[in-house]
Amino acid sequence: MPKIEFIQKNISLSRNTTLLDVGCGNGFFAYYFAKICQVTGLDFSKQIFQTRPDYKLVYGDAENLPFSDQSFDITFCSSLLHHLNNPKKVLYEMKRVSKKYVIISEPNRNNPLVFLFSLIKKEERGALKFNKNYLINLGKNLGLKNINYLVSGMIFPNRTPSVLLPLLKNFDSNWPFGGYITIIFKKDS
């Protein structure tokens, strides 16, 4: 998992680390994070409660997180912001409930397939504005400090045929046309 490996290289994670996965959906990332730290997954879809994951699930709205200030060491979201009308509000909420770090990962509009997919599928159109600079500025405007970023995924990392992974892995780090941008922000102390 390139995103999780990238996060682990930049942030010390342990069994005592608390992480909120905002908009956890099917729990893809929460599943992997739960092997490393204490995870709470939050989603607006009641369908997630039909699963029995190895982490806590909370029903809630990403724009009004049902947690006190500084409840988690880290807040994380992947492929959520581009679906929302007010990504700045969600990022503000993630900052509010985080003690240390806010991590976001979004489709990269510079990737030709992401761009094309965004034009074809109406629900993905929000991805057209998301590139590295847009995301960094979104965090900067909320007083978050960008400590590192990764542009990864030749196409769609979770759907790339496994036979191609060894070849594509050589090109899968900070390539401007990668499928996803992952940014680690740090709150001011």
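Things worth noting here:
- Least to most buried among PHE76, PHE130 (fewest other Cβ within 10 Å first): PHE130, PHE76
- Beta bridge orientation in segment 11-81: antiparallel %, DSSP, nearest 5: 10
Computed from the coordinates by the stated procedures, all read-outs in this text should not be read as laboratory data. Keep in mind that what you see is a predicted model, and the values were worked out from it rather than measured. As a convention, Cβ positions derive from the backbone with ideal geometry for all residues, glycine included, and neighbour counts pool all protein chains shown.
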